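Participant: Quick one: this structure, given as C-alpha coordinates, is what I'll be asking you about.
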Amino acid sequence: MTTTEVTPSQRYRDSFPTPVEDFAIEGIDVLDVPLHSAVLPPSERHPGGSGLGYGATREEARTGGMGEMAEMALSLRAHRGVQREQGSHAEMTRRHGRDRVADPRTLCLEAGSDYSDDRPLHWLPMTRLRDGERVLVPAELVASAPDDLPGAPPPGGWLTTVITNGQGAAFDADRAVTHALLEVLQRDGNSTAFRAMDRGVVVDLAGLTDPDALALLDRLDAAGIDVVVKLAATEFGVVDLYAVGCSRDGSEPVPVMATACGEAAHPDRDTAVRKALHEFASARGRKAFMHGPFDVVLPATPPGYLEHWRTGHPPERLVEEDRALQAMLAWTRMGTGALVDLLQDTVLARRSTVALADLPTWRPGAGPGDDLHAHVTGAVQAAGHDVLVELQPSEGDAVAAKVLVTGLEVETMSYGRIGERGVRRLLEQGDPLVAVGADPGGWARVHLTADAEERLGGPAWFDRAGADRRVGALYALYREPGRHVVAEVLGT
(Lines give C-alpha, C1' and ligand atoms only; values in the text may rest on other atoms or scores of the structure.)
Protein backbone atom coordinates (compact mmCIF):
# COMPACT_ATOMS: atom_id res chain seq x y z
CA MET A 1 0.00 0.00 0.00
CA THR A 2 1.42 3.38 -0.97
CA THR A 3 1.24 6.47 1.23
CA THR A 4 -1.69 7.77 -0.83
CA GLU A 5 -3.84 4.63 -0.41
CA VAL A 6 -6.34 4.36 2.43
CA THR A 7 -7.85 1.08 3.64
CA PRO A 8 -11.63 0.60 3.39
CA SER A 9 -11.92 0.48 7.18
CA GLN A 10 -10.14 3.81 7.44
CA ARG A 11 -12.45 5.33 4.81
CA TYR A 12 -15.39 4.34 7.01
CA ARG A 13 -13.70 5.78 10.08
CA ASP A 14 -12.97 9.05 8.25
CA SER A 15 -16.67 9.38 7.34
CA PHE A 16 -17.70 9.96 10.96
CA PRO A 17 -16.83 12.32 13.80
CA THR A 18 -14.10 11.19 16.17
CA PRO A 19 -13.69 9.17 18.19
CA VAL A 20 -14.77 5.92 16.54
CA GLU A 21 -13.88 3.20 19.04
CA ASP A 22 -12.92 -0.10 17.42
CA PHE A 23 -11.09 -3.17 18.60
CA ALA A 24 -10.46 -6.83 17.80
CA ILE A 25 -12.38 -9.37 19.88
CA GLU A 26 -9.77 -12.05 20.55
CA GLY A 27 -9.44 -15.25 22.55
CA ILE A 28 -13.16 -15.82 23.02
CA ASP A 29 -13.33 -19.01 20.92
CA VAL A 30 -10.91 -21.83 20.10
CA LEU A 31 -11.12 -20.79 16.44
CA ASP A 32 -10.22 -17.16 17.18
CA VAL A 33 -11.21 -16.08 13.66
CA PRO A 34 -11.15 -12.32 12.95
CA LEU A 35 -14.02 -10.56 14.75
CA HIS A 36 -14.10 -6.80 15.18
CA SER A 37 -16.24 -4.32 17.13
CA ALA A 38 -16.82 -0.72 16.03
CA VAL A 39 -18.67 1.87 18.09
CA LEU A 40 -19.49 5.50 17.33
CA PRO A 41 -20.52 7.04 20.67
CA PRO A 42 -23.56 9.34 20.49
CA SER A 43 -22.79 13.05 20.50
CA GLU A 44 -24.24 16.38 19.44
CA ARG A 45 -22.69 15.84 16.02
CA HIS A 46 -23.99 12.30 15.43
CA PRO A 47 -26.54 9.96 17.04
CA GLY A 48 -24.03 7.10 17.13
CA GLY A 49 -24.10 3.42 16.26
CA SER A 50 -22.31 0.11 16.67
CA GLY A 51 -21.39 -2.91 14.60
CA LEU A 52 -19.59 -6.25 14.61
CA GLY A 53 -17.63 -7.45 11.57
CA TYR A 54 -15.96 -10.66 10.43
CA GLY A 55 -13.85 -11.92 7.55
CA ALA A 56 -10.88 -13.92 6.38
CA THR A 57 -8.47 -11.17 7.47
CA ARG A 58 -8.32 -8.62 10.26
CA GLU A 59 -8.85 -5.76 7.79
CA GLU A 60 -11.86 -7.52 6.29
CA ALA A 61 -13.36 -7.95 9.77
CA ARG A 62 -12.60 -4.35 10.72
CA THR A 63 -14.18 -3.12 7.50
CA GLY A 64 -17.27 -5.24 8.18
CA GLY A 65 -17.62 -3.85 11.70
CA MET A 66 -17.24 -0.28 10.44
CA GLY A 67 -19.75 -0.96 7.67
CA GLU A 68 -22.35 -2.32 10.07
CA MET A 69 -21.76 0.64 12.36
CA ALA A 70 -22.27 2.93 9.36
CA GLU A 71 -25.57 1.26 8.48
CA MET A 72 -26.93 1.87 11.96
CA ALA A 73 -25.48 5.34 12.46
CA LEU A 74 -26.48 6.71 9.05
CA SER A 75 -30.02 5.36 9.34
CA LEU A 76 -30.40 7.09 12.72
CA ARG A 77 -28.93 10.30 11.31
CA ALA A 78 -31.08 10.22 8.16
CA HIS A 79 -34.32 10.07 10.14
CA ARG A 80 -33.46 12.51 12.91
CA GLY A 81 -35.77 15.51 12.66
CA VAL A 82 -37.43 14.30 9.44
CA GLN A 83 -41.09 15.27 9.09
CA ARG A 84 -43.32 12.25 8.42
CA GLU A 85 -46.50 12.69 6.43
CA GLN A 86 -49.65 11.32 8.05
CA GLY A 87 -52.67 9.80 6.39
CA SER A 88 -54.33 6.52 5.52
CA HIS A 89 -53.45 4.64 2.36
CA ALA A 90 -56.75 5.75 0.87
CA GLU A 91 -56.03 9.40 1.72
CA MET A 92 -52.45 9.23 0.47
CA THR A 93 -53.41 7.77 -2.90
CA ARG A 94 -56.00 10.52 -3.37
CA ARG A 95 -53.37 13.10 -2.41
CA HIS A 96 -50.41 11.80 -4.43
CA GLY A 97 -51.73 9.24 -6.92
CA ARG A 98 -51.84 5.45 -6.65
CA ASP A 99 -48.49 5.02 -8.39
CA ARG A 100 -46.70 7.23 -5.85
CA VAL A 101 -47.84 5.42 -2.69
CA ALA A 102 -46.79 1.87 -1.80
CA ASP A 103 -49.63 -0.49 -0.96
CA PRO A 104 -48.73 -1.85 2.53
CA ARG A 105 -50.31 -5.18 1.58
CA THR A 106 -47.43 -5.73 -0.87
CA LEU A 107 -44.82 -5.24 1.89
CA CYS A 108 -45.47 -8.30 4.07
CA LEU A 109 -47.67 -7.23 6.98
CA GLU A 110 -48.47 -9.20 10.12
CA ALA A 111 -51.28 -11.66 9.48
CA GLY A 112 -54.33 -10.79 11.54
CA SER A 113 -53.30 -7.20 12.25
CA ASP A 114 -56.00 -4.54 12.03
CA TYR A 115 -54.61 -2.89 8.91
CA SER A 116 -57.11 -1.36 6.52
CA ASP A 117 -56.88 1.26 3.78
CA ASP A 118 -58.44 3.76 6.22
CA ARG A 119 -55.98 3.22 9.08
CA PRO A 120 -53.88 6.37 9.67
CA LEU A 121 -50.15 5.82 9.13
CA HIS A 122 -46.93 7.81 8.99
CA TRP A 123 -45.14 7.84 5.62
CA LEU A 124 -41.58 8.44 4.43
CA PRO A 125 -40.29 8.78 0.85
CA MET A 126 -38.22 6.18 -0.97
CA THR A 127 -37.07 6.01 -4.58
CA ARG A 128 -38.35 3.36 -6.99
CA LEU A 129 -35.27 2.06 -8.74
CA ARG A 130 -36.83 1.20 -12.12
CA ASP A 131 -37.96 4.75 -12.88
CA GLY A 132 -36.40 6.99 -10.21
CA GLU A 133 -39.82 8.13 -8.98
CA ARG A 134 -40.55 9.13 -5.38
CA VAL A 135 -42.80 6.63 -3.59
CA LEU A 136 -44.23 7.05 -0.10
CA VAL A 137 -43.89 4.04 2.22
CA PRO A 138 -45.11 3.38 5.80
CA ALA A 139 -42.39 4.82 8.07
CA GLU A 140 -41.98 1.71 10.23
CA LEU A 141 -40.99 -0.26 7.12
CA VAL A 142 -38.40 2.34 6.07
CA ALA A 143 -36.88 2.54 9.55
CA SER A 144 -34.28 0.01 10.72
CA ALA A 145 -34.34 0.67 14.48
CA PRO A 146 -36.92 2.07 16.91
CA ASP A 147 -34.80 5.21 17.35
CA ASP A 148 -35.24 5.90 13.62
CA LEU A 149 -38.81 6.91 14.51
CA PRO A 150 -38.59 9.73 17.07
CA GLY A 151 -41.80 11.19 18.40
CA ALA A 152 -45.26 9.71 18.74
CA PRO A 153 -46.55 6.90 16.51
CA PRO A 154 -49.71 7.37 14.41
CA PRO A 155 -53.12 6.77 16.03
CA GLY A 156 -53.43 3.03 16.51
CA GLY A 157 -49.65 2.56 16.77
CA TRP A 158 -47.12 1.13 14.35
CA LEU A 159 -48.06 -1.59 11.89
CA THR A 160 -45.26 -3.92 13.01
CA THR A 161 -41.98 -4.13 14.92
CA VAL A 162 -39.14 -2.30 13.22
CA ILE A 163 -36.43 -4.64 11.88
CA THR A 164 -32.95 -4.20 10.41
CA ASN A 165 -33.57 -6.09 7.14
CA GLY A 166 -32.40 -4.50 3.88
CA GLN A 167 -29.45 -2.40 5.02
CA GLY A 168 -26.15 -1.98 3.20
CA ALA A 169 -23.14 0.33 3.32
CA ALA A 170 -20.33 1.03 0.83
CA PHE A 171 -18.52 3.92 -0.81
CA ASP A 172 -20.94 4.31 -3.71
CA ALA A 173 -24.71 4.05 -3.96
CA ASP A 174 -24.87 1.03 -6.30
CA ARG A 175 -22.74 -1.15 -4.03
CA ALA A 176 -24.67 -0.10 -0.93
CA VAL A 177 -27.98 -0.89 -2.65
CA THR A 178 -26.68 -4.26 -3.90
CA HIS A 179 -25.49 -5.18 -0.39
CA ALA A 180 -28.89 -4.26 1.05
CA LEU A 181 -30.82 -6.04 -1.71
CA LEU A 182 -28.88 -9.27 -1.23
CA GLU A 183 -29.79 -9.15 2.46
CA VAL A 184 -33.47 -8.79 1.50
CA LEU A 185 -33.18 -11.81 -0.81
CA GLN A 186 -31.37 -13.77 1.90
CA ARG A 187 -34.13 -13.14 4.44
CA ASP A 188 -36.86 -13.85 1.88
CA GLY A 189 -35.33 -17.20 0.99
CA ASN A 190 -34.84 -18.12 4.65
CA SER A 191 -38.21 -16.97 5.98
CA THR A 192 -39.88 -20.40 5.98
CA ALA A 193 -36.88 -22.61 5.19
CA PHE A 194 -34.55 -22.66 8.19
CA ARG A 195 -34.35 -22.47 11.99
CA ALA A 196 -37.59 -24.01 13.31
CA MET A 197 -38.66 -24.62 9.69
CA ASP A 198 -35.35 -26.22 8.63
CA ARG A 199 -35.87 -28.58 5.69
CA GLY A 200 -32.46 -30.20 6.16
CA VAL A 201 -31.23 -29.67 2.57
CA VAL A 202 -27.46 -30.16 2.83
CA VAL A 203 -25.07 -28.84 0.18
CA ASP A 204 -22.36 -31.29 -0.93
CA LEU A 205 -19.35 -29.00 -1.20
CA ALA A 206 -17.41 -31.19 -3.65
CA GLY A 207 -15.95 -28.89 -6.30
CA LEU A 208 -15.66 -25.85 -4.01
CA THR A 209 -12.73 -23.77 -5.25
CA ASP A 210 -12.69 -20.64 -3.07
CA PRO A 211 -9.33 -20.79 -1.23
CA ASP A 212 -10.52 -18.88 1.85
CA ALA A 213 -13.55 -21.16 2.23
CA LEU A 214 -11.42 -24.29 1.83
CA ALA A 215 -8.87 -23.05 4.36
CA LEU A 216 -11.62 -22.29 6.87
CA LEU A 217 -13.16 -25.75 6.43
CA ASP A 218 -9.78 -27.27 7.27
CA ARG A 219 -9.45 -24.99 10.28
CA LEU A 220 -12.92 -25.93 11.57
CA ASP A 221 -12.18 -29.64 11.18
CA ALA A 222 -8.86 -29.32 13.01
CA ALA A 223 -10.66 -27.54 15.87
CA GLY A 224 -13.16 -30.39 16.18
CA ILE A 225 -16.10 -28.35 14.90
CA ASP A 226 -18.59 -29.95 12.52
CA VAL A 227 -20.19 -27.53 10.07
CA VAL A 228 -22.84 -28.17 7.46
CA VAL A 229 -23.87 -25.81 4.67
CA LYS A 230 -27.58 -25.89 3.81
CA LEU A 231 -29.67 -24.55 0.94
CA ALA A 232 -32.62 -22.24 1.50
CA ALA A 233 -33.43 -21.06 -2.05
CA THR A 234 -32.11 -20.26 -5.53
CA GLU A 235 -34.79 -17.82 -6.73
CA PHE A 236 -33.76 -14.86 -8.92
CA GLY A 237 -30.57 -16.81 -9.73
CA VAL A 238 -29.26 -16.09 -6.23
CA VAL A 239 -27.81 -18.86 -4.06
CA ASP A 240 -29.29 -18.48 -0.57
CA LEU A 241 -27.29 -20.58 1.90
CA TYR A 242 -26.70 -20.91 5.62
CA ALA A 243 -24.04 -22.72 7.65
CA VAL A 244 -24.67 -24.33 11.04
CA GLY A 245 -22.88 -26.71 13.37
CA CYS A 246 -21.12 -27.17 16.69
CA SER A 247 -18.17 -28.92 18.32
CA ARG A 248 -18.05 -32.70 18.26
CA ASP A 249 -17.50 -32.94 22.00
CA GLY A 250 -19.87 -30.25 23.26
CA SER A 251 -16.98 -28.12 24.47
CA GLU A 252 -18.49 -24.70 23.76
CA PRO A 253 -17.77 -22.68 26.94
CA VAL A 254 -20.90 -20.56 26.37
CA PRO A 255 -23.89 -22.72 25.33
CA VAL A 256 -25.27 -20.20 22.81
CA MET A 257 -22.14 -20.72 20.67
CA ALA A 258 -23.66 -24.03 19.54
CA THR A 259 -26.43 -22.08 17.78
CA ALA A 260 -24.00 -20.18 15.53
CA CYS A 261 -25.29 -19.62 12.01
CA GLY A 262 -23.81 -17.93 8.96
CA GLU A 263 -26.11 -16.72 6.19
CA ALA A 264 -25.35 -15.63 2.64
CA ALA A 265 -27.05 -14.78 -0.64
CA HIS A 266 -25.08 -14.26 -3.83
CA PRO A 267 -25.46 -15.24 -7.50
CA ASP A 268 -22.10 -17.05 -7.29
CA ARG A 269 -22.23 -20.28 -5.29
CA ASP A 270 -18.60 -20.20 -4.15
CA THR A 271 -18.94 -16.61 -2.94
CA ALA A 272 -22.09 -17.54 -1.01
CA VAL A 273 -20.35 -20.51 0.64
CA ARG A 274 -17.35 -18.36 1.59
CA LYS A 275 -19.55 -15.75 3.26
CA ALA A 276 -21.77 -18.27 5.07
CA LEU A 277 -18.77 -20.18 6.46
CA HIS A 278 -16.95 -17.07 7.67
CA GLU A 279 -20.10 -15.68 9.26
CA PHE A 280 -20.71 -19.04 10.96
CA ALA A 281 -17.17 -19.17 12.34
CA SER A 282 -17.35 -15.62 13.65
CA ALA A 283 -20.88 -16.13 14.99
CA ARG A 284 -19.50 -18.51 17.60
CA GLY A 285 -17.39 -15.70 19.05
CA ARG A 286 -20.06 -13.06 18.37
CA LYS A 287 -22.72 -14.94 20.34
CA ALA A 288 -20.34 -15.55 23.25
CA PHE A 289 -19.38 -11.87 23.21
CA MET A 290 -23.00 -10.67 23.01
CA HIS A 291 -24.61 -13.09 25.45
CA GLY A 292 -21.83 -14.70 27.49
CA PRO A 293 -20.84 -13.90 31.07
CA PHE A 294 -18.63 -10.91 31.78
CA ASP A 295 -15.72 -13.15 32.78
CA VAL A 296 -15.69 -14.43 29.17
CA VAL A 297 -16.08 -10.99 27.60
CA LEU A 298 -13.58 -9.13 29.77
CA PRO A 299 -10.35 -10.88 28.63
CA ALA A 300 -11.41 -10.57 24.98
CA THR A 301 -11.88 -6.79 25.06
CA PRO A 302 -9.68 -3.76 25.77
CA PRO A 303 -9.34 -2.29 29.28
CA GLY A 304 -12.30 -0.12 30.17
CA TYR A 305 -14.59 -1.42 27.41
CA LEU A 306 -17.17 -3.11 29.63
CA GLU A 307 -17.31 -0.29 32.14
CA HIS A 308 -17.81 2.25 29.37
CA TRP A 309 -20.47 0.16 27.65
CA ARG A 310 -22.43 -0.49 30.83
CA THR A 311 -22.48 3.17 31.83
CA GLY A 312 -23.33 4.81 28.53
CA HIS A 313 -23.52 2.87 25.28
CA PRO A 314 -25.02 3.81 21.89
CA PRO A 315 -28.53 2.69 20.87
CA GLU A 316 -28.98 -1.03 20.38
CA ARG A 317 -29.92 -2.40 16.96
CA LEU A 318 -32.71 -4.65 18.19
CA VAL A 319 -35.85 -4.04 20.16
CA GLU A 320 -35.53 -5.45 23.66
CA GLU A 321 -38.11 -8.24 23.66
CA ASP A 322 -38.93 -10.12 26.84
CA ARG A 323 -39.62 -13.29 24.82
CA ALA A 324 -36.15 -13.17 23.24
CA LEU A 325 -34.48 -12.47 26.57
CA GLN A 326 -36.30 -15.29 28.35
CA ALA A 327 -35.43 -17.73 25.54
CA MET A 328 -31.75 -16.79 25.73
CA LEU A 329 -31.74 -17.09 29.52
CA ALA A 330 -33.24 -20.57 29.23
CA TRP A 331 -30.50 -21.60 26.79
CA THR A 332 -27.84 -20.31 29.17
CA ARG A 333 -29.26 -22.32 32.03
CA MET A 334 -29.70 -25.61 30.13
CA GLY A 335 -26.04 -26.02 29.14
CA THR A 336 -24.40 -26.89 25.83
CA GLY A 337 -25.34 -30.59 25.65
CA ALA A 338 -29.04 -30.02 26.22
CA LEU A 339 -29.08 -27.11 23.77
CA VAL A 340 -27.47 -29.25 21.05
CA ASP A 341 -30.10 -31.94 21.68
CA LEU A 342 -32.79 -29.29 21.21
CA LEU A 343 -31.39 -28.47 17.74
CA GLN A 344 -31.08 -32.02 16.39
CA ASP A 345 -34.46 -32.25 14.61
CA THR A 346 -34.34 -28.78 13.10
CA VAL A 347 -31.16 -26.71 12.84
CA LEU A 348 -28.80 -29.72 12.70
CA ALA A 349 -31.10 -32.03 10.69
CA ARG A 350 -29.85 -33.61 7.44
CA ARG A 351 -32.65 -34.93 5.24
CA SER A 352 -31.48 -34.52 1.64
CA THR A 353 -28.45 -33.43 -0.35
CA VAL A 354 -27.89 -31.08 -3.28
CA ALA A 355 -24.61 -30.76 -5.16
CA LEU A 356 -22.82 -27.41 -5.05
CA ALA A 357 -22.05 -27.90 -8.74
CA ASP A 358 -25.78 -27.86 -9.51
CA LEU A 359 -26.30 -24.42 -7.94
CA PRO A 360 -26.06 -21.15 -9.89
CA THR A 361 -22.71 -19.52 -10.51
CA TRP A 362 -21.85 -16.08 -11.86
CA ARG A 363 -18.89 -13.92 -12.72
CA PRO A 364 -19.00 -10.24 -13.75
CA GLY A 365 -18.63 -9.74 -17.48
CA ALA A 366 -16.90 -7.11 -19.54
CA GLY A 367 -20.01 -5.52 -20.99
CA PRO A 368 -21.49 -2.22 -19.78
CA GLY A 369 -23.84 -2.73 -16.87
CA ASP A 370 -22.82 -6.38 -16.54
CA ASP A 371 -21.99 -6.01 -12.85
CA LEU A 372 -23.42 -7.37 -9.62
CA HIS A 373 -25.78 -4.41 -9.11
CA ALA A 374 -27.24 -4.68 -12.61
CA HIS A 375 -27.40 -8.48 -12.43
CA VAL A 376 -29.29 -8.72 -9.13
CA THR A 377 -31.60 -5.71 -9.50
CA GLY A 378 -32.37 -6.74 -13.07
CA ALA A 379 -33.40 -10.25 -12.00
CA VAL A 380 -35.65 -8.98 -9.21
CA GLN A 381 -37.33 -6.33 -11.37
CA ALA A 382 -37.76 -8.76 -14.27
CA ALA A 383 -39.76 -10.99 -11.91
CA GLY A 384 -42.20 -8.11 -11.34
CA HIS A 385 -40.94 -6.77 -8.01
CA ASP A 386 -40.23 -3.11 -7.34
CA VAL A 387 -36.99 -2.21 -5.57
CA LEU A 388 -37.49 0.79 -3.26
CA VAL A 389 -34.41 2.63 -1.99
CA GLU A 390 -33.53 5.25 0.61
CA LEU A 391 -29.93 6.48 0.41
CA GLN A 392 -28.30 7.71 3.63
CA PRO A 393 -25.04 9.61 2.92
CA SER A 394 -22.35 10.37 5.47
CA GLU A 395 -20.14 13.44 5.73
CA GLY A 396 -17.36 11.44 4.05
CA ASP A 397 -17.09 8.63 1.51
CA ALA A 398 -19.47 6.17 3.17
CA VAL A 399 -23.09 5.84 2.09
CA ALA A 400 -25.75 3.54 3.50
CA ALA A 401 -28.90 2.26 1.84
CA LYS A 402 -32.22 0.92 3.04
CA VAL A 403 -33.96 -1.32 0.53
CA LEU A 404 -37.49 -2.72 0.44
CA VAL A 405 -38.76 -5.06 -2.28
CA THR A 406 -42.47 -5.45 -2.95
CA GLY A 407 -43.75 -8.98 -2.52
CA LEU A 408 -40.77 -10.39 -0.64
CA GLU A 409 -41.12 -12.13 2.71
CA VAL A 410 -39.59 -11.55 6.13
CA GLU A 411 -40.07 -12.46 9.82
CA THR A 412 -42.85 -14.98 9.21
CA MET A 413 -42.15 -17.18 12.21
CA SER A 414 -41.25 -14.42 14.67
CA TYR A 415 -43.77 -11.66 13.91
CA GLY A 416 -46.28 -13.42 11.65
CA ARG A 417 -45.35 -11.31 8.63
CA ILE A 418 -46.42 -13.23 5.55
CA GLY A 419 -47.64 -12.47 2.04
CA GLU A 420 -48.52 -14.25 -1.17
CA ARG A 421 -45.08 -15.83 -1.66
CA GLY A 422 -44.98 -17.22 1.87
CA VAL A 423 -48.47 -18.65 1.60
CA ARG A 424 -47.66 -20.25 -1.75
CA ARG A 425 -44.39 -21.76 -0.53
CA LEU A 426 -46.01 -23.29 2.56
CA LEU A 427 -48.90 -24.63 0.47
CA GLU A 428 -46.44 -26.26 -1.95
CA GLN A 429 -44.65 -27.88 1.00
CA GLY A 430 -47.94 -29.15 2.39
CA ASP A 431 -47.35 -27.25 5.61
CA PRO A 432 -50.48 -27.01 7.82
CA LEU A 433 -49.68 -23.46 8.99
CA VAL A 434 -51.52 -21.91 6.02
CA ALA A 435 -54.89 -22.37 4.35
CA VAL A 436 -56.77 -20.76 1.45
CA GLY A 437 -60.53 -20.30 1.38
CA ALA A 438 -62.59 -20.40 4.55
CA ASP A 439 -61.06 -19.56 7.94
CA PRO A 440 -60.08 -22.91 9.54
CA GLY A 441 -61.16 -21.46 12.87
CA GLY A 442 -59.67 -18.41 14.58
CA TRP A 443 -56.66 -18.13 12.25
CA ALA A 444 -55.11 -14.81 11.21
CA ARG A 445 -56.09 -13.51 7.80
CA VAL A 446 -53.14 -12.70 5.53
CA HIS A 447 -53.21 -9.14 4.17
CA LEU A 448 -53.22 -9.53 0.39
CA THR A 449 -54.23 -7.43 -2.59
CA ALA A 450 -57.31 -8.52 -4.54
CA ASP A 451 -55.05 -9.72 -7.36
CA ALA A 452 -52.98 -11.84 -4.95
CA GLU A 453 -56.08 -13.45 -3.47
CA GLU A 454 -57.32 -14.23 -6.98
CA ARG A 455 -53.99 -15.86 -7.88
CA LEU A 456 -54.10 -17.98 -4.73
CA GLY A 457 -57.74 -18.89 -5.22
CA GLY A 458 -59.24 -17.06 -2.26
CA PRO A 459 -58.41 -15.42 1.05
CA ALA A 460 -55.39 -16.84 2.86
CA TRP A 461 -55.03 -17.67 6.54
CA PHE A 462 -52.00 -18.18 8.81
CA ASP A 463 -52.02 -20.20 12.03
CA ARG A 464 -50.08 -17.80 14.28
CA ALA A 465 -50.62 -19.90 17.40
CA GLY A 466 -49.35 -22.94 15.50
CA ALA A 467 -46.31 -20.96 14.34
CA ASP A 468 -45.55 -19.98 17.94
CA ARG A 469 -45.75 -23.63 18.98
CA ARG A 470 -43.48 -24.63 16.07
CA VAL A 471 -40.86 -22.09 17.13
CA GLY A 472 -41.22 -22.91 20.82
CA ALA A 473 -37.90 -22.91 22.67
CA LEU A 474 -36.06 -21.86 19.49
CA TYR A 475 -37.26 -18.25 19.55
CA ALA A 476 -33.80 -16.88 20.35
CA LEU A 477 -32.74 -18.11 16.89
CA TYR A 478 -35.00 -15.36 15.51
CA ARG A 479 -34.59 -12.43 17.88
CA GLU A 480 -31.72 -11.88 20.30
CA PRO A 481 -31.51 -9.57 23.32
CA GLY A 482 -29.08 -6.66 23.16
CA ARG A 483 -25.34 -6.71 23.74
CA HIS A 484 -24.44 -7.95 27.28
CA VAL A 485 -28.09 -7.85 28.49
CA VAL A 486 -28.04 -11.54 29.52
CA ALA A 487 -24.92 -11.02 31.64
CA GLU A 488 -26.50 -7.97 33.25
CA VAL A 489 -29.66 -9.90 34.13
CA LEU A 490 -27.74 -12.87 35.52
CA GLY A 491 -25.20 -10.67 37.29
CA THR A 492 -22.34 -12.60 35.73
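The values are calculated or read from the model by the stated rules, or taken from the named source; none is laboratory data. What you see is a predicted model, and the numbers here were worked out from it, not measured in a lab. With ideal geometry, Cβ positions are generated from the backbone for all residues, glycine too; neighbour counts draw on all protein chains shown. Protein only, heavy atoms only, side chains kept; ligands, DNA and RNA dropped before computing areas. Shrake-Rupley method; radii C 1.70, N 1.55, O 1.52, S 1.80 Å.
Participant: When a/c reaches 1.5 or more, the comparison of a/b and b/c decides; with that in mind, is region 393-486 rounded, prolate or oblate per its Cα gyration tensor? Walk me through the numbers before you get to the answer.
Facilitator: Working: a/c = 3.23, a/b = 1.43, b/c = 2.25.
It comes out oblate by the Cα gyration axes.
Participant: Find which of VAL177, GLY419, MET257 sits farthest along the positive direction of the dipole of the chain, computed with +1 on the beta-carbon of Lys and Arg, -1 on that of Asp and Glu, about the Cα centre.
Facilitator: It is GLY419.
Participant: May I ask you to derive the FRET efficiency for ALA438 and SER116 from their Cβ-Cβ distance with R0 = 22 Å, giving the value to the nearest 0.05?
Facilitator: Values: r = 21 Å, r/R0 = 0.95.
So, using R0 = 22 Å, E works out to roughly 0.55.
Participant: Same structure, new question: Dipole of region 31-88, Cα-centred, from +1 at each Lys and Arg C-beta and -1 at each Asp and Glu C-beta, to the nearest 20 debye?
Facilitator: 240 debye
Participant: Let me ask something else. By how many nm would the segment from THR449 to GLU59 lengthen if fully extended, with 0.36 nm per residue of separation less the alpha-carbon distance?
Facilitator: 135.7 nm
Participant: Net charge around ASP439, counting only other residues with Cβ within less than 14 Å of its Cβ (Lys, Arg = +1; Asp, Glu = -1)?
Facilitator: Charge balance near ASP439 sits at 0.
Participant: From the Cα gyration tensor of region 356-433, with a ≥ b ≥ c the square roots of its eigenvalues, which class applies: rounded if a/c is under 1.5, or else prolate if a/b is larger than b/c, or else oblate?
Facilitator: oblate
Participant: Residue-wise, which Karplus ³J(HN,Hα) couplings in Hz belong to region 136-150, taking 6.51 cos²θ - 1.76 cosθ + 1.60, θ = phi - 60°, and x for glycine or proline?
Facilitator: 8, 9, x, 4, 5, 8, 7, 5, 10, 7, x, 6, 6, 10, x
Participant: Given charges of +1 on the Cβ of Lys and Arg and -1 on the Cβ of Asp and Glu, with all other atoms neutral, how large is the dipole of the chain about its Cα centre, in debye to the nearest 20?
Facilitator: Working: 49 positive and 72 negative charges, 111 e Å.
Dipole magnitude for the chain comes out near 540 debye.
Participant: When ranked by the protection proxy of mean other Cβ atoms within 10 Å per residue, highest first, what sequence do the peptides 302-308, 263-269, 62-68 form?
Facilitator: My ranking of the peptides, most packed first, is 62-68, 263-269, 302-308.
Participant: While we're here: Quick one: if you stick a label point 7 Å off each Cα along the C-beta vector at ASP131 and ARG351, how many nm between them?
Facilitator: For ASP131 paired with ARG351, the spin-label model returns 4.3 nm.
Participant: Using only the Cα atoms of the chain, build the gyration tensor, take square roots of its eigenvalues as a ≥ b ≥ c, and label the shape rounded, prolate or oblate: rounded if a/c is under 1.5, else prolate if a/b is larger than b/c, else oblate.
Facilitator: rounded
Participant: So between SER43 and ARG98, what do we pick up on full extension, going 0.36 nm a residue minus the alpha carbon distance?
Facilitator: Here the segment from SER43 to ARG98 would lengthen by 15.8 nm.
Participant: Helix-only estimate, please: 222 nm mean residue ellipticity of the chain, summing -39500 (n - 2.57) across DSSP H runs of length 4 or more and dividing by its residues, to the nearest 500.
Facilitator: -10500 deg cm²/dmol
Participant: Here's something else I'd like to know. For SER88, which sequence-distant residues (separation of 5 or more, or a different chain) have an amide H within less than 5 Å of its own amide H, given hydrogens modelled in the peptide plane?
Facilitator: Sorted by chain and number, the residues that satisfy this are LEU121.
Participant: Counting only heavy atoms of the protein chains, get the accessible area per residue of region 183-361 (1.4 Å probe) and round it to a whole Å² value.
Facilitator: Numbers: 6850 Å² over 179 residues.
For region 183-361, the solvent-accessible area averages 38 Å² per residue.
Participant: Per residue and in Å³, how big is the convex hull formed by the alpha-carbon atoms of region 183-361? It would help to have the intermediate numbers written out before the result.
Facilitator: Details: hull volume 24.4 nm³, N = 179.
Per residue, the Cα convex hull of region 183-361 comes to 136 Å³.
Participant: I'd like the FRET efficiency for VAL30 and VAL202, computed as 1/(1 + (r/R0)^6) with the beta carbon distance as r and R0 of 25 Å, rounded to 0.05.
Facilitator: On the way: r = 24 Å, r/R0 = 0.97.
The computed FRET efficiency comes out at 0.55.
Participant: Moving on to the next point. Sticking with the crude label model, points 7 Å out along Cα→Cβ, report the distance from GLN344 to ARG363 in nm, one decimal please.
Facilitator: 4.5 nm
Participant: Which residues' amide hydrogens lie under 5 Å from the amide hydrogen of CYS246, considering only partners 5 or more residues apart or on another chain, with H built in the peptide plane?
Facilitator: Amide H to amide H, under 5 Å and 5 or more residues apart or across chains, CYS246 pairs with ASP226.
Participant: What residues qualify as long-range amide H neighbours of VAL203, i.e. H under 5 Å apart, gap of 5 or more or another chain, H built at 1.01 Å from N?
Facilitator: Residues meeting the amide H criterion: VAL229, LYS230, LEU231, VAL354.
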